[in-house]
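Structure first, commentary second.
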Amino acid sequence: MSASRVLVLNSGSSSVKYQLLDMRDGSRLAVGLVERIGERTSRLAHAPLTGGEKRERLEAFADHGEALKAVAEELDRDGLGLDSPDLLAVGHRVVHGGTRFTEPTVVTDEVLDAIEELVPLAPLHNPANVTGIRTARELRPDLPQVAVFDTAFHSTMPEHAARYAIDKATADALDIRRYGFHGTSHAYVSRTAAELLGRPVEDVNVIVLHLGNGASASAVRGGVCEDTSMGLTPLEGLVMGTRSGDLDPAVLLHLARVGRKSADQIDELLNKKSGLVGLCGENDMREIRRRIDEGDAEAQLAFDVYIHRLKKYIGAYSAVLGRVDAVVFTAGVGENAAPVREAAVRGLEELGLAIDADLNAVRSDAPRLVSPEYARVAVAVVPTDEELEIARQVHALVRA
Ligand code: ADP
């Protein structure tokens, strides 16, 4: 039997999420998470899906190296270890691929150096991704390690969507352009939506709304991304859990000149203390809805700002695409928050959008339509699966 398993690693600054998938059928063999790496007590939660017991380890993992070694031990205990001949490759989610990486890429020393050179564009993410790759290479030097970039799906954006209207020489010197993020999710969801509509992906135009803690929208024509709401960094675009999304750039100047804030303070304010949290002190949509039900005006305003921005992007991307076949909701909020879907679509009947209240209220893990049959534009919910998409891309590349 040829090797068919792919280990997918998603390394964050103090965490690693992992899944082991069997690409003969896309099934999961094990899933897990290590969090609080570098703190006094880290936590490893491991779930074998082949019959064994769920396990938890509370100990100090000083760095990603120690954390991944512990993950390898846990996989070993289930007979799924990294030295198994069934393991084909490790796939790594890498946040920023810059303009160079537009496809999944087998990691070499030179590729790793290039990913490291992109750190200034993604200071919070790429260092952890690099550490994850280095550690996995040390654990199994002979195994292909493949980097899958969050920016890659958006690399097809035409220049007029990717360019900011600022001085071209300055922009080019500093690599300032719109890259877009959540690409694996937008790729997976737009393709799955076409399947749901029963049409070839090449014929279908969709607006994907990935609404998690981070949130982004994309306009996808025939499976190819034409525009997306995140830009140079994942700060642009929609209102998010803790990020502001779009702003008048002069707000930053005002914060610096009049508010006397440093670049780092502004970074922190816009990335960590803005969005829903900035508006109402809460970033979990469930809690915001609960507060709204109790008549909380702050929570209501935060919700309204969030929905207003979403509507603007649905309108903008309807104009970008000309013809829209589906608006697709995904990620934690998009998949679960029926009131968000209802409010985002309300009043957009002239754009061909409508929602069926009964269908919208159904809770399910399956891709599904929530619009009435008469609607010109389908409204769909498609649970995203970034790990499966990464594993598929890795499998396709390594087997080729
Ligand atoms: P991340 O960007 O961290 O991957 P997710 O896609 O997992 O985020 O989304 C997390 C968010 O999803 C939570 O912060 C919460 O706001 C929202 N969420 C999860 N479940 C529900 C629910 N049942 N109703 C409303 N919102 C939900």
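The conditions are (1) under 26 Å from GLY222 (Cα atoms); (2) of a type outside the set (D, E, K, R); (3) open to solvent by 40 Å² or more (accessible area, probe 1.4 Å); (4) touching a Ser or Thr at 6+ places or on another chain (Cβ under 9 Å), and ALA366 fails exactly one of them. Which is it?
Here ALA366 meets the rest and fails (4).
Looking at the stretch 48-71, is at least one residue out of contact with any Asp or Glu (no Cβ under 7 Å at 6 or more places or on another chain), assigned to a strand (DSSP E or B) and open to solvent by less than 20 Å² (accessible area, probe 1.4 Å)?
No: zero hits.
When you scan the stretch 1-20, how many residues do you find that are open to solvent by 20 Å² or more (accessible area, probe 1.4 Å), more than 9 Å from ARG93 (Cβ to Cβ) and either in a strand (DSSP E or B) or modelled with pLDDT of 95 or more (or both)?
2
Report the residue count in the stretch 236-266 for those that are within 14 Å of the ligand (Cβ to nearest atom) and either open to solvent by 50 Å² or more (accessible area, probe 1.4 Å) or touching a Ser or Thr at 6+ places or on another chain (Cβ under 6 Å) (or both).
Total satisfying the criteria: 3.
Within the stretch 373-400, track down each residue that is within 22 Å of HIS182 (Cα to Cα) and assigned to a helix (DSSP H, G or I). Before the answer, list the steps.
Of the residues in the stretch 373-400, the ones within 22 Å of HIS182 (Cα to Cα) are 379-397.
If the condition is that a residue be within 22 Å of HIS182 (Cα to Cα) and assigned to a helix (DSSP H, G or I), then GLU386, GLU387, LEU388, GLU389, ILE390, ALA391, ARG392, GLN393, VAL394, HIS395, ALA396, LEU397 are the ones that fit.
Among the residues of the stretch 198-223, write down those that are of a type in the set (A, V, I, L, M, F, W, C) and out of contact with any strand residue (DSSP E or B) (no Cβ under 6 Å at 6 or more places or on another chain).
So the first thing to find is which residues in the stretch 198-223 are of a type in the set (A, V, I, L, M, F, W, C), and the list is 201, 204, 206-209, 211, 215, 217, 219-220.
Within the stretch 198-223, VAL201, VAL204, LEU211, ALA215 qualify.
Looking at the structure I just gave you, is SER218 in contact with a Cys (Cβ under 7 Å, 6 or more places away or on another chain), open to solvent by less than 30 Å² (accessible area, probe 1.4 Å) and not in a loop (DSSP other than H, G, I, E, B)?
Answer is yes for this residue.
Considering (1) surrounded by fewer than 23 Cβ atoms within 10 Å (Cβ to Cβ); (2) outside any helix (DSSP H, G or I); (3) not polar (S, T, N, Q), say which one LEU279 fails and leave the rest.
(2) is the only condition that LEU279 fails.
Note down all Cβ pairs under 6 Å where the first residue falls in the stretch 98-116 and is within 18 Å of ARG392 (Cα to Cα), the second is modelled with pLDDT under 95 and in a helix (DSSP H, G or I), and they're at least six residues apart or on different chains.
Listed by first residue and then by second, the contacts come to VAL107/ILE133.
Can you pull out every residue in the stretch 349-369 that is over 23 Å from MET240 (Cβ atoms), within 15 Å of the ligand (Cβ to nearest atom) and touching a Lys or Arg at 6+ places or on another chain (Cβ under 9 Å)?
Listed by number, the list holds a single entry, VAL362.
Any residue at all in the stretch 186-204 that is among the β-branched types (Val, Ile, Thr), in contact (Cβ under 8 Å) with a residue 24 or more places away in the chain and touching a helix residue (DSSP H, G or I) at 6+ places or on another chain (Cβ under 7 Å)?
yes
Taking the stretch 261-276, which residues are in a helix (DSSP H, G or I) and among the charged types (D, E, K, R)?
Across the stretch 261-276, the qualifying residues are ASP264, ASP267, GLU268, LYS272.
Which residues, counting only those in the stretch 267-276, are open to solvent by 50 Å² or more (accessible area, probe 1.4 Å) and within 14 Å of the ligand (Cβ to nearest atom)?
LYS272
State whether one or more residues within the stretch 221-235 are farther than 26 Å from LEU118 by Cα, open to solvent by 10 Å² or more (accessible area, probe 1.4 Å) and either among the β-branched types (Val, Ile, Thr) or within 14 Å of the ligand (Cβ to nearest atom) (or both). Even if it seems obvious, please write down each step before you answer.
Here is the first cut: in the stretch 221-235, the ones farther than 26 Å from LEU118 by Cα are 221-223.
Cutting the leftovers down to open to solvent by 10 Å² or more (accessible area, probe 1.4 Å) gives us 221-223.
With either among the β-branched types (Val, Ile, Thr) or within 14 Å of the ligand (Cβ to nearest atom) (or both) added as a condition, the list becomes none.
No, because not a single residue in the stretch 221-235 is farther than 26 Å from LEU118 by Cα, open to solvent by 10 Å² or more (accessible area, probe 1.4 Å) and either among the β-branched types (Val, Ile, Thr) or within 14 Å of the ligand (Cβ to nearest atom) (or both).
Report yes if ASP25 is touching a helix residue (DSSP H, G or I) at 6+ places or on another chain (Cβ under 9 Å), within 26 Å of ILE390 (Cα to Cα) and not small (Gly, Ala, Ser), otherwise no.
In short, no.
The values are calculated or read from the model by the stated rules, or taken from the named source; none is laboratory data. As the structure is a prediction and not an experimental result, all values here were calculated from the model. A quick note on method: Cβ atoms are made from the backbone with ideal geometry, for glycine too, and the neighbour counts reach across all protein chains shown. Accessible surface is based on the protein model in full, side chains and every heavy atom, while ligands, DNA and RNA are left aside. Shrake-Rupley method; radii C 1.70, N 1.55, O 1.52, S 1.80 Å.
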